[in-house]
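Written below as structure tokens is the structure these notes are about.
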Amino acid sequence: MKVHSRNADVLIVGGGLIGSAIAMGLAREGARSVTVVDLDLGGEWSSSELNAGGVRATWSQRVNLQASKSSIEYFGTLGDSIGYRDCGYLWLHRPETFESALKAREMQVREGWAVDVLDVEQIRNRCPFIDKTSDLAGALFGVKDGLVNPNRLKEHYRELAREAGVVFLDGVFVTSASRSTNWSVRAFQFRDTLKSEEKRRILEQNPTSAEAFEKEQGEWVEFTAKQVVNAAGAWAPKLAALLGYSCPSEPVRRQISLFHARDLDLTPYGMIIDPSGVYFHPESIYGLSGFATPGEGAGFNFHYDADAFFEEHIWPALYERSTAFESLRHVSGWAGLYENSPDHHAIVGPVEAAPGVFEAHSFSGHGAMQSYAVGLAVAEIMARGRYESLDFSELSGSRFKNGRPIASETWVI
């Protein structure tokens, strides 16, 4: 079996928002030999593309707030070029959750993130269509939280990285890895762009044997690198196993629906989160809504349950919140993957069990909103051996082995 060799100082496996942000960060650190590989560089099946586009710093854990705050402040300097709008996050609360949300707000404001407190009358003044409010105690409004176009943000990171010489390779699927002085990572590189369903099949099955790939379709490549970054998103545990260490995260399906509400224009509003856990925001001429279905099993599942999901989970919650939602039309939707760690916080930093390996994954849906800060921080610790802009030490994957998981967030959607 003929194998083509490629050398790089750094090999980043995973070219989504996080991998692209790290590539940009390394470029800023002066790295000139960085290669990013991905089977699906366009992101058709990646979490970077199949998400709701929300960005917020309204977190109850300081490390999440700081990472999002730093990133969103950067997004604000880019504005329309990445589709950023500071249209706010409106968190509706029943009495049983309002007190803990107010407590989290104290830290958010202390850290410099503006969050307004609204009573029920103020909710109705801000959003007149929310007219079923008898169960609400109030709301919090993250003033600078908002929405971003994930694709345009990813391309922004890549543009800056490419300008500094970073190489992005599409159609590359890693199958094995070993280490002596440097890392040797073997992958199959497809010659032509794969069709959508073929990419999906490979991503769902995760083959590692040589027999799974036909030589007529491409060639085997051996990447030699001093450092390897696991930014493989939902596939991070699979890559971790190839690199010789254990990752406790799991891929979990999340579904998103587009709907049409007759006689209601949602465009003046930002993200709104109902106490039921259903969230929604404007998306072009439609509304976009999602929900974490209870008991969703782990696995690489991209099937969208269509009308069944919308009618069981989305429409009933919206119906109970507004008369304008009593008559909705389900338009379409999709399913993507969260990668969830045991404490639902990201895993970031050097891997103790695999020298020369760094990781940044398991963001459980908040990778886009923290991507800029993570990209800079991971690049810093790789190039300088220490964090400088933000300290992500508590997000190290070793926290699970050492019994130091992070307290859960007040509210995760």
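Since every read-out is calculated from the coordinates, none of them should be taken as a lab result. Every value quoted in this text rests on a predicted model; they were computed, and no experiment measured them. Counting neighbours? That spans all protein chains shown, and the Cβs are built from the backbone with ideal geometry, glycine included.
Structural remarks
- Long-range HN-HN contacts of Thr175 with modeled amide H, under 5 Å: Arg186, Ala187, Phe188
- Placed amide H near Asn149: partners under 5 Å, 5+ positions off or other chain: Gly83, Tyr84
- Each 5 Å bin from 0 upward holds the following percent of the Cα-Cα pairs of segment 272-350: 3, 12, 22, 23, 17, 11, 7, 3, 1, 0, 0.
- Full-extension gain in nm, Asp391 to Leu78, via 0.36 nm per residue minus C-alpha separation: 110.2 nm
- The distance separating the Cα centre of segment 346-377 from that of segment 95-148 comes to 30 Å.
- Principal-axis analysis of the Cα atoms of the chain puts helix 150-163 at an angle of about 30° to the longest axis.
- Cβ-placed point charges (K, R +1; D, E -1), dipole of the chain about Cα centre in debye, nearest 20: 1100 debye
- Each Lys or Arg adds one and each Asp or Glu subtracts one; over the other residues with Cβ under 13 Å from the Cβ of Leu337, this totals -3.
- From most to least packed by mean Cβ count within 10 Å, the peptides 281-292, 63-74, 106-117 give 63-74, 281-292, 106-117.
- Relative to the Cα centre, the charge distribution of segment 1-158, modelled as +1 at Lys and Arg Cβ and -1 at Asp and Glu Cβ, gives a dipole magnitude of about 420 debye.
- Dipole in debye (nearest 20) - segment 348-409, about Cα centre, beta carbon charges: Lys, Arg +1; Asp, Glu -1: 140 debye
- For Val229, residues with placed amide H under 5 Å, excluding near neighbours: Leu11, Ile12, Val13, Phe358
- Estimated at 0.36 nm per residue, the fully extended path between Ser184 and Ser332 surpasses their Cα-Cα distance by 49.0 nm.
- Cα gyration tensor, segment 120-275 - rounded (a/c under 1.5), prolate or oblate: prolate
- Full extension of the chain segment joining Tyr319 with Thr97 gains 77.8 nm, where the gain is 0.36 nm per residue of separation less the Cα-Cα distance.
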